[in-house]
Amino acid sequence: MPLPALSPDTTDFLAEKHLMLIDGKWVPAASGKTIDIVNPATEEVIGTVPAGDAADIDKAVAAARKAFDTGPWPKMPPSERARLLWKLADLLEQNAQQITEVEILDNGMPLNHAGRMAVPLAANMCRYYAGWPTKILGDTIPVDPPMPGVEVLTYTRKEPVGVVGQITPWNYPLGMVAMKLGPALATGCTVVLKPAEQAPLTALIVAELVQEAGIPDGVVNVVTGYGETAGAALTAHPDVDKVAFTGSTDVGRIILRAAAGNLKKVSLELGGKSPFIIFPDADLERAIPGAAFSAFFLQGQNCMCGSRLFVHKQIFDKVVEGVAGFAKMMKIGPGLDPETNIGPLISSEQLSRVSGFLAAGPKEGATLVAGGKRVDRKGYFVEPTVFANTNREMKVVREEIFGPVTCAQMFDTDDLDAVAKLANDTAFGLVGSIWTKNLAIAHKLAARIKAGTMGINTHGMADINAPFGGYKQSGWGREFGKESLDLYLETKTVVQHM
Ligand code: NAI
Ligand code: MG
């Protein structure tokens, strides 16, 4: 069957020469260099974006600095900032078809995910943050006077941290941009955003809509470019007050070092190796598809991927067979095909990374139950893969694969401390899930696992209303929810001797 035709807006957008937004103007990279954008389902180049580097970052930071220090944005009435964020949400929805198609072509994600999760979630995030500018409150604090008879008034103000550098990954491009811009704009910060070089196109559409919404020039600047050049320049820049990053744990460490120069504030959302724990009494009708979905969603290119599957001995074979059944049944194909469950990996680099893990599993003694290889067709497709008989020593169990791979391990104990020890035997701590009908067990175990989000009979149900982030090497700080605003605010204490 032929793929559905692209909308005229999408073909128009693809025909454009893409530029980046600095201080309200669309510009090429100062160097004139570009980066090819590849459709991972076809390996075809579908356009280029500017290869911005330190020179472009300098200009963008200067624009954001000016917009913060002397522009209207941080002083704008809160209801007005709210209105502009709400407008941005409306504009995302009005352009949903184009944005969804571009996201699929750029990133490869299947339509049945992109349709539900790209624009609807990004618009929802903007509206969530539109609610906050009018509700950012300080405290009035009773303090001990320095001497009897003196009266003191002490209160706190919440002030925007300033110019923010935001670096986003390619696995969920639009959502990542929305979840970064939302709290920065709600608090009155100004932004230099550097989207991932592998999938930067929807960030450029968002930049257009930011302008169309009427957000003042210089408040949001988008510089496309490589991490090692543009990203590194942004994180080291002395005029940037805060950097927010989502990506690999290794780059998280590099960013921390780069931020040390001016001690900019840092928030990090990094990798995961999330435990998915199934007890014998679990409802397997839900747990088995849940395990498959958690591992294979977005081709496993998802920080919440349920990649360590701990199954009780009594039900181990049944669960592994069930998850393998899903793996074999899932339809692999281009994201534009509405029937597709598994799209391509993002790039040839990611394909070779994931292929390395697929080879390492059996070499280290894991049993291959489903999948295990590249699909013989154009595009960066690999089969959803299930390994059984895995253990803590194996590379496939220790490292984040970021591909559609789950590693099943058997457990045979009712001791919750022992189960928690298995789950916690990782450098990461982003999410986890527990599948059982016994809620006392579920809550006791949820308290024992070191992860930022624990699911009970669900996995990775992240929602903008509730905090999200990592323990251990999965990151610093919490995005989403009220806590995300703290990442973009300074607290000032004002004391008056009356
Ligand atoms: P990455 O961490 O290198 O890229 C993420 C972002 O960081 C991109 O915008 C990139 O341009 C930027 N970046 C890279 N190097 C930088 C530097 N030195 N300074 C500043 N910014 C820099 O991730 P990559 O290489 O695309 O993927 C490799 C692995 O990282 C994946 O296989 C996966 O395990 C992990 N990853 C995890 C993500 C998550 O959400 N947990 C997202 C993306 C990747
Ligand atoms: Mg990298």
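The values are calculated or read from the model by the stated rules, or taken from the named source; none is laboratory data. In this text, all values refer to a predicted model and were calculated from it rather than measured experimentally. Cβ placement follows ideal geometry from the backbone for every residue including glycine, while neighbour counts extend to all protein chains displayed. These accessible areas exclude ligands, DNA and RNA; they are computed on the full protein's heavy atoms, side chains included. Shrake-Rupley method; radii C 1.70, N 1.55, O 1.52, S 1.80 Å.
Points 7 angstrom from Cα along the Cβ direction at Glu151 and Lys378: gap in nanometres?
8.0
So which lysines pass the test for Lys395, namely a Cα distance under 24 Å, with those fewer than 8 places away in the same chain ruled out?
Lys273, Lys313, Lys328, Lys363, Lys373, Lys421, Lys450, Lys472
Would you mind giving the average projected area, over all directions, of the Cα convex hull of the range 44-124 in nm² with one decimal?
Quarter of the Cα hull surface area: 7.4 nm².
Report, in debye and to the nearest 20, how large the dipole of the range 275-463 comes out about its Cα centre when Lys and Arg carry +1 and Asp and Glu carry -1 on their Cβ.
320
Show that you can apply the helix-only estimate: for the chain, add -39,500 (n - 2.57) for every DSSP H stretch of four or more residues, divide by all residues, and state [θ] at 222 nm to the nearest 500.
-11000 deg cm²/dmol
Find the percent of Cα-Cα distances in the range 275-463 that exceed 19 Å, and round it to a whole number.
The share of Cα pairs beyond 19 Å in the range 275-463 comes to 54 percent.
Under 1.5 on a/c is rounded, so check that first for the range 210-319, then, if it is not, pick prolate when a/b is larger than b/c and oblate when it is not; a ≥ b ≥ c are the square roots of the alpha carbon gyration tensor eigenvalues.
Prolate is the answer for the range 210-319, as a/c is 1.5 or above and a/b outweighs b/c.
On a 0 to 90° scale, report how tilted helix 249-259 is relative to the longest principal axis of the chain, with both axes built from alpha carbons and the result rounded to the nearest 10.
The angle comes out at about 20 degrees.
Please give the residues of the range 19-44, grouped as numeric ranges, whose backbone N is less than 17 Å from a label point set 7 Å along the Cα-to-Cβ vector of Ser348.
The answer is 35-44.
Go through Ala287, Asn124, Ala29 and say which Cα lies farthest out towards the positive end of the charge dipole of the chain; charges sit on Cβ, +1 for Lys and Arg, -1 for Asp and Glu.
Ala287
Can you pull the Rg over Rh of the range 378-442, Cα-only, Kirkwood?
1.03
By how many degrees, 0 to 90 and rounded to 10, does the Cα axis of helix 96-107 deviate from the longest principal axis of the chain?
So the inclination is approximately 60 degrees.
Per the Debye formula with a single identical scatterer at each Cα and no solvent contribution, what log10 I(q)/I(0) holds for the range 340-380 at q = 0.20, 0.21, 0.34 Å⁻¹?
Taken in order of the listed q values, log10 I(q)/I(0) reads -0.68, -0.73, -1.20.
How big is the antiparallel share of DSSP beta bridges in the chain, given as a percent to the nearest 5?
Percentage antiparallel, nearest 5: 40.
How far is the Cα center of the range 114-142 from the Cα center of the range 294-367, in Å?
33
Spelling out what I want: for every residue of the range 121-128, take phi, set θ = phi - 60°, compute 6.51 cos²θ - 1.76 cosθ + 1.60 (Karplus), and round to whole Hz; glycine and proline get x.
Using θ = phi - 60°, the values come out as 6, 5, 5, 4, 5, 4, 5, 4 Hz.
Tilt of helix 201-213 relative to the longest C-alpha principal axis of the chain, in degrees (0 to 90, nearest 10)?
For helix 201-213, the angle is close to 30 degrees.
In whole angstrom, note down how far apart the Cα centers of the range 25-75 and the range 240-276 are.
21
For the range 75-222, what does the alpha-carbon gyration tensor say about shape, rounded, prolate or oblate, given a ≥ b ≥ c as the root eigenvalues, a/c under 1.5 as rounded, and a/b over b/c as prolate?
Cα axes put the range 75-222 in the prolate bin.
Given H placed on each backbone N at 1.01 Å, which residues far from Gln409 in sequence or on other chains put an amide H within less than 5 Å of it?
For Gln409, the qualifying residues are Leu309, Phe310, Val311.
Checking the a/c ratio against 1.5 first, then a/b against b/c, what shape does the Cα gyration tensor give for the chain?
Oblate shape, in that a/c is at least 1.5 and b/c is the bigger or equal ratio.
Just by accessible area at a 1.4 angstrom probe, what is the order of Thr42, Thr249 from largest to smallest?
Thr42, Thr249
Just name one of Asn39, Trp435, Pro173: the one whose Cα is farthest towards the positive end of the charge dipole of the chain (beta-carbon charges, Lys/Arg +1, Asp/Glu -1).
Trp435
What is the Cα coordinate range of the range 176-223 on the first, second and third principal axes, sorted by size from largest, in whole angstrom?
Reported extents, whole Å, longest axis first: 29, 19, 14.
Taking 41 Å as R0, compute the FRET efficiency from the Cβ-Cβ separation of Glu321 and Val45 and round it to 0.05.
0.45
At a Cα cut-off below 20 Å, give the lysines reachable from Lys87, other chains included and same-chain residues fewer than 8 away excluded.
Hits, sequence-local ones excluded: Lys75, Lys135, Lys180.
Charges at C-beta only: +1 for Lys and Arg, -1 for Asp and Glu. How large is the resulting dipole of the range 249-307 about its Cα centre, in Debye rounded to 20?
540
Just how large is the dipole of the chain about the Cα centre, in debye to the nearest 20, putting +1 at every Lys and Arg Cβ and -1 at every Asp and Glu Cβ?
In debye, rounded to 20, the chain gives about 780.
Looking at Pro344, Ala418, Thr367, which one has the Cα that reaches farthest to the positive end of the dipole of the range 342-440 (charges on Cβ: Lys, Arg +1; Asp, Glu -1)?
Sorting the options by dipole projection puts first Pro344.
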